[in-house]
Amino acid sequence: MINRRTLLASALPVAALSACSSVTRSVRGAPAILHAYAAPRPAKDLDHAIVYRREDEFCAWTYTRGFWENADGHLMQNFDALTVDYKDPDFINHNNIFANSKGTKQVTVRSTDRGRTWNGANPEVGVLAAGRATAKPFAASGPINYLDRNVLVSSFSSGFGTPTGRAPIQVSKDGGHTWSAPSELPLDGLQSLTALNSYLVRPDGRCLLFMFEVAPDGNRRPLVYGSLDGGTEFHFMSYITVEHDPQEAAKSNQKASSLAFSGHRWFYPRGTLLRNGRILCTLRCQRDPTGDMWTEVYKSDDGGRSWGFLSRVNDFGAPGSLVLMSDDRLCMVYGYRTANYGVRAAVSEDGGQTWGNELIIRDDGGSWDLGYPNAWEVEPGRIGCIYYFNSKHDPLQVNGGKRHIARSIFAV
């Protein structure tokens, strides 16, 4: 005799079976559900706003130029603003834009209400550069208590992403209003150092800097430096990955126009400390920075001394900004440089081991030239992110619309 549950199960589609464990168990020989597939869906309660836009400027690279939160919960975002003529795509190609621009400035915008509004109409310009000229040397800034949330760190490389890169470091003790002069980190026998304003502070007070080395052949390898007692010295602690990708997932026979536009398996490391003491490191992986890229996560259970692979977050999209939410869920926000261009997110409920179905924050980009988000929790259950963007609705289209800084807030 066929019982009622078996008859019901045989009539249900696979998606329904995965949502009803009691029915699934009653079907003899039915395979366990390993992964639930669902199409990307729009995030809930979306709110978008422009943070900073100037009609004669190309604004970009928020992820690497510096993002901080001070003791008052105020947020600060630094980015590049280049004065350009949007006359043709080649003129604003990333390989050419710095040479073609009429001027480059570092702009810092602040928010005092958890990212809902920003002072983009009246930002701060060149704050870090001004600090370099007037502040005491970094070595004279000690001792530095990195557990003080008004102590902020900036480290961004000269020769970014090249075999000649070096990593100067600066510190602010007043929540980002003034900065020390830069002090170059020691190479400790490395070929080079590329720093991208990526750091975390362990509960014991040690500051970990996440950077990557670039070899003469362009191979990139992410690594960690740690502060010493007193806080003004940093030295090599560990590599995050093996030297070369054994799968050669980013290898390509196509000659790239530059090292930046080559395939790279692991770079742009950024650490996040979980409440159980585990450290996660987000890595960008790419075959082509104009579209084919993805985000991976590595883990360390010994404070950053050793690392292992944990998960791949998505099919496409990088770099990713990871938020530890107040309910212990993880939300990863990333630029999406394939059609439809925009910004997306994924959520993990098991510490980053697996990731849920993709959330579309926006898909109205005019080209691949966007993304680089930084994300934070606005309030429990709501995530904010700030990024650079170009819109397909912009009246002017030069491989997308004019590049500007925008923010989005959504519910998880």
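The values are calculated or read from the model by the stated rules, or taken from the named source; none is laboratory data. Here the structure is a predicted model, which is why all the values come from computation and not from measurement. Please note: Cβ atoms are built from the backbone with ideal geometry, for glycine as well, and neighbour counts cover all protein chains shown.
Observations
- Residue within the stretch 254-265 that is surrounded by fewer than 23 Cβ atoms within 10 Å (Cβ to Cβ), at positive phi and either of a type in the set (Phe, Trp, Tyr) or not in a strand (DSSP E or B) (or both) present: no
- Scanning the stretch 390-412 for residues that are under 17 Å from Phe58 (Cα atoms), in contact (Cβ under 8 Å) with a residue 40 or more places away in the chain and in a strand (DSSP E or B) yields a count of 4.
- Applying the condition of being more than 21 Å from Arg278 (Cα to Cα) and surrounded by fewer than 16 Cβ atoms within 10 Å (Cβ to Cβ) to the stretch 199-221 and asking which residue is nearest to the chain's Cα centre (by Cα) yields Ala215.
- Within this structure, Leu17 passes the test of being surrounded by 14 or more Cβ atoms within 10 Å (Cβ to Cβ) and modelled with pLDDT under 70.
- Subset of the stretch 162-198 that is of a type in the set (Ser, Thr, Tyr), out of contact with any Leu (no Cβ under 8 Å at 6 or more places or on another chain) and not in a loop (DSSP other than H, G, I, E, B) - its residue that is farthest from Arg149 (Cα to Cα): Thr194
- All strands (runs of 3 or more DSSP E) inside the stretch 30-111 with 2 or more residues being surrounded by 14 or more Cβ atoms within 10 Å (Cβ to Cβ) and among the polar types (S, T, N, Q): 75-83, 103-111
- Search result, residues across the stretch 367-379 that are surrounded by fewer than 22 Cβ atoms within 10 Å (Cβ to Cβ), of a type outside the set (S, T, N, Q) and not in a strand (DSSP E or B): Trp368
- Residue among Ala345, Ala318 that is within 22 Å of Asn78 (Cβ to Cβ) and surrounded by 22 or more Cβ atoms within 10 Å (Cβ to Cβ): Ala318
- Positions within the stretch 208-253 being among the acidic types (Asp, Glu), within 30 Å of Leu147 (Cβ to Cβ) and in a loop (DSSP other than H, G, I, E, B), in sequence order: Asp229, Glu233
- Within the stretch 319-360, tally of residues that are hydrophobic (A, V, I, L, M, F, W, C), part of a strand (DSSP E or B) and out of contact with any Ser or Thr (no Cβ under 9 Å at 6 or more places or on another chain): 4
- For the condition farther than 25 Å from Phe267 by Cα and surrounded by fewer than 19 Cβ atoms within 10 Å (Cβ to Cβ), Glu124 qualifies.
- Of all the criteria given as (1) hydroxyl-bearing (Ser, Thr, Tyr); (2) under 25 Å from Asp315 (Cα atoms); (3) in contact with a strand residue (DSSP E or B) (Cβ under 8 Å, 6 or more places away or on another chain), the one not satisfied by Tyr225 is (2).
- Lone qualifier among Gly131, Gly176 - being modelled with pLDDT under 95, buried (at least 19 other Cβ atoms within 10 Å of the Cβ) and more than 23 Å from the chain's Cα centre (by Cα): Gly131
- Hey, Thr241 farther than 14 Å from Leu208 by Cα, crowded, with 19+ Cβ neighbours inside 10 Å and either hydroxyl-bearing (Ser, Thr, Tyr) or under 21 Å from the mean Cα position of the chain (by Cα) (or both) or not: yes
- Here Lys402 meets the list (1) under 18 Å from the mean Cα position of the chain (by Cα); (2) within 22 Å of Gly120 (Cα to Cα) almost entirely, failing just condition (1).
- Top-ranked residue of the stretch 266-277 - restricted to ones that are of a type outside the set (A, V, I, L, M, F, W, C) and outside any strand (DSSP E or B), ranked as surrounded by the most Cβ atoms within 10 Å (Cβ to Cβ): Gly277
- Residue within the stretch 152-172 that is surrounded by fewer than 17 Cβ atoms within 10 Å (Cβ to Cβ), of a type outside the set (Phe, Trp, Tyr) and within 19 Å of Trp68 (Cβ to Cβ) present: no
- Taking the listed residues Ile386, Ile405, Ile409, Ile361, the one that is over 23 Å from Ser101 (Cα atoms), at pLDDT 95 or above and touching a helix residue (DSSP H, G or I) at 6+ places or on another chain (Cβ under 8 Å) is Ile386, with no other qualifying.
- Cβ pairs under 8 Å, 6+ apart, first in the stretch 68-91 and under 28 Å from Arg149 (Cβ atoms), second acidic (Asp, Glu) and buried (at least 16 other Cβ atoms within 10 Å of the Cβ): Leu75/Glu69; Met76/Glu69; Ala81/Glu57
- Residue within the stretch 231-254 that is closer than 17 Å to Gly159 by Cα and out of contact with any His (no Cβ under 7 Å at 6 or more places or on another chain) present: no
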